[in-house]
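Below is one structure; the comments refer to it alone.
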Amino acid sequence: MKGIVFTEFLDMVEAKFSADTVDSIIEQANLPNDGAYTAVGTYPHEELVAMVVALSKDTNIATNTLVNVFGHHLFGRFFERYPNFFEGVPTAFDFLATVDNIIHVEVKKLYPEAQLPRFVTEKLTETELVLVYQSARHFGDLAAGLIQGCIEHFNEKVTVQREDLPTEDGNTNIRFSLRK
């Protein structure tokens, strides 16, 4: 998993909780690098999971809630860091439809080793969009938070229904049905 996800997570924890909380979760997670992440590095996703579990213990907030909040936060940071991905994109549906075919393609150009989730997109009507999140990692709550952050960014009223889909390979497949 790209280091930017780790650095943004730690920044969010410091902003929403405290620097002491960051130190605490790094210590509890027993990380091999003592929490020294760079935005361009690549790290095992299990280290992020360990930090989320530690944060959950420190705050008594459920892990799925923390990951969702982080996804929401991360979308805002992506907008700040990569404004060119948003140029000429008028709606949340228009943006979300570009994630797999444009944004992930650009990420792969910069980081060929990146293991990105897939978002299969189907625009049913002008008011309905379906995204199917597929990943070997189980970060559906992160995807949900990113989607919510996108909707908020575009200041739209969109309802999101989530359906976990069965898989035979142990991967995560989640259908997000969005309706304006």
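Of note:
- Lone qualifier among GLU46, GLU8 - being touching a His at 6+ places or on another chain (Cβ under 9 Å) and more than 21 Å from LEU178 (Cβ to Cβ): GLU8
- Lone qualifier among PHE93, PHE79 - being buried (at least 18 other Cβ atoms within 10 Å of the Cβ) and not polar (S, T, N, Q): PHE93
- Subset of the range 104-140 that is of a type in the set (D, E, K, R) and in contact (Cβ under 8 Å) with a residue 12 or more places away in the chain - its residue that is surrounded by the fewest Cβ atoms within 10 Å (Cβ to Cβ): GLU113
- Residue match in the range 154-170 (condition: under 15 Å from the mean Cα position of the chain (by Cα), among the hydrophobic types (A, V, I, L, M, F, W, C) and either part of a helix (DSSP H, G or I) or under 25 Å from GLU8 (Cα atoms) (or both)): no
- For GLN134, the test of being at negative phi and in a helix (DSSP H, G or I) is failed.
- Only one of the listed residues (LEU178, LEU74) is closer than 21 Å to GLU8 by Cβ and either at pLDDT 90 or above or among the small types (Gly, Ala, Ser) (or both). That residue is LEU74.
- Residue in the range 111-126 that is over 18 Å from PHE75 (Cα atoms), of a type in the set (Lys, Arg) and under 13 Å from the mean Cα position of the chain (by Cα) present: no
The values are calculated or read from the model by the stated rules, or taken from the named source; none is laboratory data. Remember, predicted model here, so these are calculated numbers, not experimental data. Here Cβ is always computed from backbone atoms with ideal geometry, including for glycine, and neighbour counts include all displayed protein chains.
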